[in-house]
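**Student:** Provided herewith is a single structure, encoded as structure tokens, for subsequent inquiry.
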Amino acid sequence: MTGERTPAFVDTNVLVYAFDKSSSPKKRVAQRLMSELMIENRLNLSTQVLQELFVTLTRKVGQPCSSGEALAVLDDLAAWPVIGINYAAIRAAAGLAENAKISFWDALIVVAAERAGAAVLYSEDLNDGQEILGVRISNPFAES
């Protein structure tokens, strides 16, 4: 299959399902996807994703993690390529949000994915199959 080794980018929502203490069908799908991306050495993230993951795991899920538990998850994930969000990315996202009619935060994820050279962005927040900035959106939960 073409592009099997190209970088992939993962949105916060997928990571939340993978690392949340609760159990759901989405958790299994997210864990399987993360495992595949790690084995294939394709996982890419951004500072925004890590920030959102920390806040969500410690404050917004039904069974919150301690700060230490959440930081351990972030420490493990930070071993993979992490795209830093700078002002140029913020400006690009502001323009993309307006042009593509998506939220600023989703646009910032897409900009980071594009800057990582990702062929695919795994997210449930955007339209499955849509292509933005040359990055194909894939909802790993679309069939679950």
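Bear in mind these aren't lab numbers, they're just calculated from the coordinates by the rules spelled out. None of these values were measured; they are calculated from a predicted model. Don't worry about glycine lacking a Cβ; one is built from the backbone with ideal geometry, like all the others, and counts go over all protein chains shown.
**Student:** Using the charge dipole of the chain (Lys, Arg: +1 at Cβ; Asp, Glu: -1 at Cβ; taken about the Cα centre), state which of Gln130, Gly68, Val29 has its Cα farthest towards the positive end.
**Tutor:** Positive-most Cα among the choices belongs to Gly68.
**Student:** Of Phe19, Phe104, Phe141, Phe9, how do they rank once you tally other Cβ atoms within 10 Å and put the fewest first?
**Tutor:** Ascending Cβ contact count within 10 Å gives the list Phe104, Phe141, Phe19, Phe9.
**Student:** As a footprinting exposure proxy, order Leu71, Leu45 by other Cβ within 10 Å, with the fewest listed first.
**Tutor:** Going from sparsest to densest Cβ surroundings: Leu71, Leu45.
**Student:** If you don't mind, another one. Taking Cα centroids, how far is the range 104-124 from the range 1-54 in Å?
**Tutor:** Answer, in whole Å: 13.
**Student:** If packing is taken as the average count of other Cβ atoms within 10 Å, what order do 29-40, 55-66, 108-119 fall into, highest mean first?
**Tutor:** 108-119, 29-40, 55-66
**Student:** Determine the principal axes of the Cα atoms in the range 8-138, then give the extent along each, sorted from largest to smallest and rounded to whole angstroms.
**Tutor:** For the range 8-138, the Cα extents along the three principal axes come out at 38, 27, 25 Å.
**Student:** Also: Taking +1 at the Cβ of each Lys and Arg and -1 at the Cβ of each Asp and Glu, which of Ile83, Ala100, Val49 sits farthest along the dipole of the chain towards its positive end, judged by Cα position relative to the Cα centre?
**Tutor:** Val49
**Student:** May I ask for the net charge around Lys26, where only other residues with Cβ less than 11 Å from the Cβ of Lys26 are counted and Lys, Arg are +1 while Asp, Glu are -1?
**Tutor:** Within the 11 Å Cβ shell, the charges total +1.
**Student:** Given labels modelled 7 Å from the Cα in the Cβ direction, how far is it in nm from Ala100 to Thr6?
**Tutor:** About 1.5 nm, to one decimal.
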